[in-house]
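The values are calculated or read from the model by the stated rules, or taken from the named source; none is laboratory data. Just so it is clear, the structure is predicted and the values come from calculations on it, not from any experiment. Every residue, glycine as well, gets a Cβ built from its backbone with ideal geometry; the counts of neighbours run over all protein chains shown.
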């Protein structure tokens, strides 16, 4: 039976974090090193990555990362004005999903993958609060590859922030009112960082 060590943002206790409507559960080494290397290399090669574009002031700009959307049939999703139709699950994604499902005690039916090629790739402040996810969505975020800083910011009090270093093989669960009261980002960095693949599992209604 697998056992995992959880990390709190606010103290040294090994439990999840519930404060200011921020409910997160961060687990380092959810996947061991061997598993993480295997999934990183396999997903890099097998996933149908694409370059999406968003429009600002009438001009089209490439997203600073590669993306892919996989899931159950008909579980479409729209974010940043970009409609996404799911690719069918592959063996590796189902293996990862089943382990996350078991830990989070939920059946995720879709996953958004992001590939951060260098420190110049990023995702800006946002919340996973689209109507397709329901009122209190549970998001299961798995990281493979280079460590990147994950920043959380309270929507009302912008000075209230928390940082987490998302390491290779880690799992971050965000649940309950987190998306309603908090936003998050992966900022650009000038540090030399390795390529990173992130999977955010979701349940589309």
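If only one of 139, 164 is farther than 16 Å from residue 36 by Cβ, within 12 Å of the chain's Cα centre (by Cα) and modelled with pLDDT of 95 or more, which one is it?
Exactly one residue qualifies, and that residue is 139.
From the residues in segment 66-91 that are in a strand (DSSP E or B) and modelled with pLDDT under 95, which one is farthest from residue 110 (Cα to Cα)?
So, considering only residues that are in a strand (DSSP E or B) and modelled with pLDDT under 95, the one farthest from residue 110 (Cα to Cα) is 82.
If you go through segment 106-126 one residue at a time, do you hit one that is under 21 Å from residue 23 (Cα atoms) and out of contact with any strand residue (DSSP E or B) (no Cβ under 7 Å at 6 or more places or on another chain)?
Checked against the condition, which is being under 21 Å from residue 23 (Cα atoms) and out of contact with any strand residue (DSSP E or B) (no Cβ under 7 Å at 6 or more places or on another chain), segment 106-126 yields at least one hit.
For segment 141-180, name all the residues that are surrounded by 18 or more Cβ atoms within 10 Å (Cβ to Cβ) and within 14 Å of residue 129 (Cα to Cα).
Listed by number, the residues that qualify are 174, 175, 178, 179.
Any idea which of (1) part of a loop (DSSP other than H, G, I, E, B); (2) modelled with pLDDT of 85 or more is the one residue 94 doesn't satisfy?
(1)
Looking only at strands (runs of 3 or more DSSP E) that fall completely inside segment 127-205, which ones have 1 or more residues that are on the phi > 0 side of the Ramachandran plot?
In segment 127-205, 139-145 are the strands (runs of 3 or more DSSP E) which contain 1 or more residues that are on the phi > 0 side of the Ramachandran plot.
Yes or no, residue by residue, for (1) within 24 Å of residue 164 (Cα to Cα); (2) without any contact (Cβ under 8 Å) to a residue 12 or more places away in the chain:
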{"position": "31", "(1), (2)": "yes, no"}
{"position": "47", "(1), (2)": "no, no"}
{"position": "75", "(1), (2)": "no, no"}
{"position": "91", "(1), (2)": "no, yes"}
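Quick test of your reading of the structure: residue 155 fulfils all but one of (1) in contact with a helix residue (DSSP H, G or I) (Cβ under 7 Å, 6 or more places away or on another chain); (2) over 24 Å from residue 49 (Cα atoms); (3) modelled with pLDDT under 95. Name the failing condition by number.
(3)
Residue 60: free of Cβ contacts under 8 Å to residues at least 40 places away in the same chain, in a strand (DSSP E or B) and touching a strand residue (DSSP E or B) at 6+ places or on another chain (Cβ under 9 Å), yes or no?
Working: free of Cβ contacts under 8 Å to residues at least 40 places away in the same chain: yes; in a strand (DSSP E or B): yes; touching a strand residue (DSSP E or B) at 6+ places or on another chain (Cβ under 9 Å): yes.
The answer is yes for residue 60.
Return the residue satisfying two criteria in turn: it lies in segment 30-57 and is assigned to a helix (DSSP H, G or I) and touching a helix residue (DSSP H, G or I) at 6+ places or on another chain (Cβ under 8 Å), and of such residues it is surrounded by the fewest Cβ atoms within 10 Å (Cβ to Cβ).
This residue is 46.
How do the pairs read when you match residues in segment 94-122 that are surrounded by fewer than 16 Cβ atoms within 10 Å (Cβ to Cβ) with residues anywhere that are assigned to a helix (DSSP H, G or I), using Cβ under 8 Å and keeping only pairs 6 or more apart or on different chains?
107/101
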